[in-house]
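J.: One structure, pasted below without further comment.
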Amino acid sequence: MPSVISTDVLIVGAGVAGLWLNARLRRQGFSTVLVESATLGGGQSVKSQGIIHGGAKYALHGALTGASEAIADMPRRWREALAGDGELDLSGVRLLSEAHYLWSPGTLAGNLTSFFASKAVRGRVDQVKGDQLPPALQDKRFKGKVYRLAELVIDVPSLIQRLADLAGDGLLAGQHIEPLLEDGLLVGLKVDAREIRAQRIVISAGAGTATLLEALGLSQPAMQRRPLHMIIAKGPGLKPLYAHCLGGGTKPRLTITTHPAADGQWVWYLGGDIAEAEGVAREPAEQIATAQKELAQLLPWIDLDTVQWATLRVDRAEPLQTGLTRPDNAFLAEQGRLLVGWPTKLALAPDFADRVISALQRDGIQPGHSAPLPELPKPPMGIPAWEQLLP
Ligand SMILES: Cc1cc2nc3c(=O)[nH]c(=O)nc-3n(C[C@H](O)[C@H](O)[C@H](O)COP(=O)(O)OP(=O)(O)OC[C@H]3O[C@@H](n4cnc5c(N)ncnc54)[C@H](O)[C@@H]3O)c2cc1C
């Protein structure tokens, strides 16, 4: 029979939210165990585009509300962590781009032009030209306007690796989870029949949260899944590009990020409007043909002849949206010792951790004196989709 474990905080789900929280808590002296049923970061996190949003994209909705949103501060917090002097030491995590760009293939609608010139975005959105343009847009045929956003793009696999290193001996591969009750109250979880008692239990299981809550006999907080149908292109002629391409609507027509493949080639990962509703309804071959047409029209100088293509279906997991849910903050709900939430964005993992830590502080939860952990079975690392689909 496996030993009984006692820990300060038991976390379930090792995507960016669980891993970041785990590293913050350990740095503050808390003992933690982080349970993962599949791979580290392999849910949404490693499938994300790695953009550390500061909220500038919401300029498109005309809904940027400024510093009151947690997201506005995220680029600074990540930048400090990446430099090794922030709330976590993320030195060694690969920065893919110092900036993300907004690119309008035609002339900008008048309201956007004045918005970009307004005080609200000054210093966060600056127009760039000539050799300041991203390499993939440096062609004499390029027409349009490009704005540099003060937002980073990070290499998520190297982030997950670093956060896994910071997790020390606290990672546990576990499949079957049941509640551990005492006098009808939740005091921990049984993970593959091993009892783990904890002062607090945090569920950060992404799309797995609803099923997990059901296993614990709970139906709240309710979650929603937002399906996406992303496109992956890999080829020797692709140059780095990190940009939202504006269309006529309030969502970017295309969001392109560029990622290093293990064989040294670049991968373009395409999301934005193309990956949403209509894109989700398309069959993979149709989705690839749509992307090829878009790129040929927008960037005719890019050689797509030797490019290999694939698509990836993946759901974003979020709290069920209500009028009360603000999209630019992490979400956390509490019920006794149990805390459940979603960061809603990779960029907001620090905000998710803040919310859990404030709840612990409010309740006077202090680091206890837990016995050293026994050797635990470790979950494997998540693999980027392009390594699986276009090896
Ligand atoms: C295509 C795409 C692009 C995106 N791009 C961006 C972007 O550029 N910038 C940005 O800020 N955000 C982006 N996002 C959103 C971002 O990826 C997510 O908000 C974030 O990764 C969620 O992190 P998480 O830790 O909550 O979830 P996940 O990364 O999904 O992690 C949850 C973990 O819980 C585990 N789990 C599930 N059930 C159980 C169980 N019963 N027991 C144990 N473990 C369990 C899963 O295996 C998984 O590892 C994107 C999302 C998608 C899908």
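J.: LEU339's amide H: which non-local residues (gap 5+, or another chain) put their own amide H closer than 5 Å, with H modeled 1.01 Å from N in plane and none for Pro or chain starts?
T.: For LEU339, whose amide H was placed from the backbone, the distant partners under 5 Å are ILE201, VAL202, ILE203.
J.: Right, next: Mean 1/r over all different Cα pairs, inverted: what Kirkwood radius does the stretch 191-238 give, in Å?
T.: 14.5
J.: At 0.36 nm per residue, minus the direct Cα-Cα distance, what do LYS239 and GLN292 gain on full extension? Give it in nm, one decimal, please.
T.: 17.5 nm
J.: Let's test the formula: R0 of 30 Å, r as the Cβ-Cβ distance of SER3 and ASP315. What FRET efficiency results, to the nearest 0.05?
T.: According to the calculation, E is roughly 0.25.
J.: For ASP169 and TRP301, compute 0.36 nm times the residue count separating them, minus their Cα-Cα distance, and round to one decimal in nm.
T.: Result: 42.5 nm gained on full extension.
J.: Let me ask something else. For the chain, find the longest principal axis of its Cα atoms and tell me its angle to the long axis of helix 349-362, 0 to 90°, nearest 10.
T.: 30
J.: I've got another one for you. When the Karplus curve 6.51 cos²θ - 1.76 cosθ + 1.60 is applied with θ = phi - 60°, which whole-Hz ³J(HN,Hα) does each residue of the stretch 375-381 get, with x for Gly and Pro?
T.: Rounded to whole hertz, the list is 5, 10, x, 9, x, x, 6.
J.: Taking trypsin sites (Lys or Arg not before Pro) as candidate sites, keep only those in a DSSP loop with at most 11 other Cβ atoms within 10 Å, then name the longest stretch of the chain containing none of them.
T.: Here the longest segment lacking exposed loop sites spans 144-391.
J.: To continue, here is another question. Full-extension gain between GLN308 and HIS176, please, as 0.36 nm times their residue separation minus the C-alpha to C-alpha distance.
T.: Working it through step by step, the gained length comes to 43.7 nm.
J.: Further, regarding this structure: Quick one: SER6, SER45, fewest Cβ neighbours within 10 Å first, how do they rank?
T.: Lowest count first: SER6, SER45.
J.: Note down the relative contact order for the stretch 271-391 as a percent, whole number, built from C-alpha pairs under 8 angstrom at least six residues apart.
T.: Taking the mean separation of contacting Cα pairs over the length of the stretch 271-391, I get 17 percent.
J.: Can you return the lysines within cross-link range of LYS140? Criterion is Cα-Cα under 20 Å, with same-chain partners fewer than 8 residues away left out.
T.: Counting by Cα, and skipping residues close in sequence, LYS140 has these lysines nearby: LYS129, LYS239.
J.: If one computes the Cα centroid of the stretch 1-54 and of the stretch 335-391, what distance in Å separates the two points?
T.: 3
J.: Roughly how big is the chain's charge dipole about its Cα centre, with Cβ charges of +1 (Lys, Arg) and -1 (Asp, Glu), in debye to the nearest 20?
T.: 1140
J.: Rg and Dmax of the chain, using alpha carbons, in Å: what are they?
T.: Computed over the Cα atoms of the chain, radius of gyration and Dmax are 21.7, 73 Å.
J.: For the stretch 209-317, build the charge dipole from Cβ charges (+1 Lys, Arg; -1 Asp, Glu) around the Cα centre, then report which of MET223, LEU312, GLY247 sits farthest towards its positive end.
T.: MET223
J.: So, one more: Among the lysines, select those whose C-alpha is under 21 Å from the C-alpha of LYS190, and discard any that sit fewer than 8 residues away in the same chain.
T.: Correct list for LYS190: LYS378.
J.: Of VAL202, VAL4, VAL35, VAL153, how do they rank once you tally other Cβ atoms within 10 Å and put the fewest first?
T.: Least crowded to most crowded, the residues run VAL4, VAL153, VAL35, VAL202.
J.: Could you give me the ³J(HN,Hα) list for the stretch 22-39, computed from phi with Karplus coefficients 6.51, -1.76, 1.60 and θ = phi - 60°, whole Hz, x at Gly and Pro?
T.: Per residue, the Karplus-derived 3J(HN,Hα) values read 4, 5, 4, 5, 4, 5, 8, x, 6, 8, 9, 10, 10, 9, 9, 8, 10, 10 Hz.
J.: Right, another one. If you line up the long axis of helix 156-166 against the longest principal axis of the chain, both from Cα atoms, how many degrees apart are they, to the nearest 10?
T.: 20
J.: Mind running the shape call on the stretch 221-356? Use the C-alpha gyration tensor, a ≥ b ≥ c as the square roots of the eigenvalues: rounded below 1.5 for a/c, prolate if a/b tops b/c, oblate otherwise.
T.: Prolate, since a/c reaches 1.5 and a/b exceeds b/c.
J.: Label the stretch 204-294 by shape, choosing from rounded, prolate and oblate, from the square roots a ≥ b ≥ c of the eigenvalues of the Cα gyration tensor; if a/c is under 1.5 it is rounded, and otherwise prolate applies when a/b is larger than b/c, oblate when it is not.
T.: Cα axes put the stretch 204-294 in the prolate bin.
J.: Below 8 Å between Cα atoms, with a sequence gap of 6+, how large is the relative contact order for the chain in percent?
T.: In percent, rounded to a whole number, it is 25.
Where a number appears in this text, it was derived from the coordinates with a stated rule and is not lab data. Treat the numbers as computed from the prediction; the structure is a model and nothing was measured. Glycine also receives a Cβ, built like all others from the backbone with ideal geometry; neighbour counts cover every protein chain displayed.
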